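The values are calculated or read from the model by the stated rules, or taken from the named source; none is laboratory data. For clarity, every value in this text was computed on a predicted model and none was experimentally measured. Cβ atoms come from the backbone with ideal geometry, glycine included; neighbour counts cover every protein chain shown.
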């Protein structure tokens, strides 16, 4: 996982799944890098091929965390599998989906 810290944004990339085996690490590593000035959490999901219920839970937890900072979570370039999971669970209504 790679993190890029910008003025108001945290950008995450470089992973291919969020599952029970790494969801807690994903969530905890991300939270540890978010500072009070960050308002946008961009998660690049163009390489993600597996997103299970634990991964969804991590995304929801990060959404709640960012809401406390009056911020947003944006999913960038989700793969068709990820996009389908987000639509089926209606998380596409909670998280901003952006296709670049």
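Here are the numbers for this structure:
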read-out: Residues (farther than 19 Å from residue 16 by Cα, touching a helix residue (DSSP H, G or I) at 6+ places or on another chain (Cβ under 7 Å), modelled with pLDDT of 95 or more and not in a helix (DSSP H, G or I)) located in region 61-94; value: 72, 89
read-out: Subset of region 1-45 [assigned to a loop (DSSP other than H, G, I, E, B), within 18 Å of residue 96 (Cβ to Cβ) and within 12 Å of the chain's Cα centre (by Cα)]; value: 45
read-out: Region 41-54: number of residues that are touching a helix residue (DSSP H, G or I) at 6+ places or on another chain (Cβ under 6 Å) and under 12 Å from residue 30 (Cβ atoms); value: 1
read-out: Residue list for region 1-18, filter: touching a strand residue (DSSP E or B) at 6+ places or on another chain (Cβ under 7 Å), exposed (fewer than 15 other Cβ atoms within 10 Å of the Cβ) and under 15 Å from residue 55 (Cβ atoms); value: 1
read-out: Sole exception among (1) surrounded by 18 or more Cβ atoms within 10 Å (Cβ to Cβ); (2) outside any helix (DSSP H, G or I) for residue 58, by number; value: (2)
